[in-house]
């Protein structure tokens, strides 16, 4: 059975999801803002507990990562990402999700070949290129000090 280009075009239009850029931006802004507000509230809480600013920031980061890991484990964070897109993927919570999600997905394959091999499937390139670019900029800075 052969279909012509017009029928195929109509079929593609039917099955292709329609996205609203403005709605996606709104959702990303709202969820990203909520994540940042939670982070600021945690920082304020830790500062109110007489922690130093750096210590409070460290604990805030740890709490946000732990929260993201728990929400990923309970399959809630993927739903947040589906709703908010980059608003949930860009903060540190999204990075934690990108490390934990493959580990959960591949745990059935075992600790070594499942979790061990797949845990950095998504986050690995980010870590690799982050370290490499830091090294490269360090070399440029080092050479710049001798010139």
- request: Please work out if residue 93 is modelled with pLDDT of 90 or more and touching a helix residue (DSSP H, G or I) at 6+ places or on another chain (Cβ under 9 Å).
  value: no
query: Does segment 46-55 contain at least one residue that is within 27 Å of residue 127 (Cα to Cα) and touching a residue at least 24 places away in the same chain (Cβ under 8 Å)?
result: no
statement: Output for Cβ contacts, cut-off 6 Å, separation at least six or different chains, first residue closer than 19 Å to residue 97 by Cβ in segment 109-121, second part of a helix (DSSP H, G or I) and at pLDDT 70 or above, reads 114/107; 115/103; 115/107; 118/102; 119/102; 119/103; 121/102
task: Give the residue, chosen from 81, 31, that is in contact (Cβ under 8 Å) with a residue 24 or more places away in the chain, closer than 29 Å to residue 104 by Cα and buried (at least 17 other Cβ atoms within 10 Å of the Cβ).
output: 31
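This table checks each residue for (1) surrounded by 10 or more Cβ atoms within 10 Å (Cβ to Cβ); (2) under 16 Å from residue 95 (Cα atoms).
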position	(1), (2)
3	yes, no
17	no, no
24	yes, no
85	yes, yes
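Kindly provide the set of residues from segment 1-41 that are within 19 Å of residue 76 (Cβ to Cβ) and part of a loop (DSSP other than H, G, I, E, B), ordered by number. I'd like the intermediate steps shown before the answer.
Keep residues of segment 1-41 that are within 19 Å of residue 76 (Cβ to Cβ), which gives 27-28, 30-39.
Within segment 1-41, no residue meets the criteria.
The values are calculated or read from the model by the stated rules, or taken from the named source; none is laboratory data. Quick caveat: nothing in here was measured; it's all calculated off a predicted structure. Please note: Cβ atoms are built from the backbone with ideal geometry, for glycine as well, and neighbour counts cover all protein chains shown.
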